[in-house]
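Data first, discussion second: the structure below is written as structure tokens.
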Amino acid sequence: VQLQASGGGLVQAGGSLRLSCAASGRTFSNYGMGWFRQAPGRNREFVAAISKSGRSTSYADSVKGRFTISRDNPKNSVYLQMNSLKPDDTAVHYCAATAYVSARSATWEYDYWGQGTLITVSS
């Protein structure tokens with residue numbers, strides 16, 4: 001699976017952004033999808049995940065209530081709607097695909113990764 005993330009940019013604290021990830025190469029609906037992020041000097045961390053059907057989602061505590069993950073299987077795409085952004089959300093955000101059908105939160109569970117898109121939240 002090839003993954004292409006987009007939608008990053010510079011936003012003020014309290015603002016919103018929507019990330020998109022377009023998949024190609026294999027049957028998108030066979031994969032659970034996730035978003036992860038990595039800030040400078042920190043390990044890559046889980047943000048959100050969605051099952052292959054879209055019926056199950058999972059979120060990191062730090063984004064719960066502010067971020068929403070969704071997917072559109074006919075469009076081979078997964079999205080991350082980010083509201084009430086904070087400076088701590090500043091990071092490169094990556095989409096990833098897993099052969100697990102459920103919403104997974106560990107980086108080692110993911111088989112394919114996109115190139116990342118940078119989000120910078122100014123205070």
Problem set entry | Unique match (being at positive phi and out of contact with any Pro (no Cβ under 9 Å at 6 or more places or on another chain)) among 58, 84, 53, 70 | 84
Problem set entry | Residues of region 67-94 that turn out to be within 13 Å of the chain's Cα centre (by Cα) and in a loop (DSSP other than H, G, I, E, B), as a count | 0
Exercise. Among all residue pairs at least 6 apart or on different chains, which show Cβ distances below 7 Å where the first residue, located in region 79-90, is of a type in the set (Val, Ile, Thr) and the second is open to solvent by 30 Å² or more (accessible area, probe 1.4 Å)?
Worked result: 90/120
For this session: Please find, within region 95-123, the residue that is surrounded by the most Cβ atoms within 10 Å (Cβ to Cβ) out of those that are outside any strand (DSSP E or B) and among the aliphatic types (A, V, I, L, M).
Result: 103
For this session: Report yes if some residue within region 82-92 is out of contact with any helix residue (DSSP H, G or I) (no Cβ under 9 Å at 6 or more places or on another chain) and closer than 23 Å to residue 30 by Cβ; otherwise report no.
Result: no
For this session: Could you grab me the full set of residues in region 54-74 that are open to solvent by less than 60 Å² (accessible area, probe 1.4 Å) and within 22 Å of residue 99 (Cβ to Cβ)?
Result: 54, 56, 58, 59, 60, 69, 70, 71, 72, 73
Seminar exercise, completed: Here the residues within region 29-50 that are open to solvent by 10 Å² or more (accessible area, probe 1.4 Å) and either free of Cβ contacts under 8 Å to residues at least 60 places away in the same chain or under 11 Å from residue 19 (Cβ atoms) (or both) are 29, 37, 39, 40, 41, 42, 43, 45
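The values are calculated or read from the model by the stated rules, or taken from the named source; none is laboratory data. Just so you know, these numbers come straight off a predicted model, no measurement behind them. For neighbour counting, all protein chains shown are included, and Cβ atoms are generated from backbone atoms with ideal geometry for every residue, glycine included. Heavy atoms of the whole protein, side chains included, go into the accessibility calculation; ligands, DNA and RNA do not. Shrake-Rupley method; radii C 1.70, N 1.55, O 1.52, S 1.80 Å.
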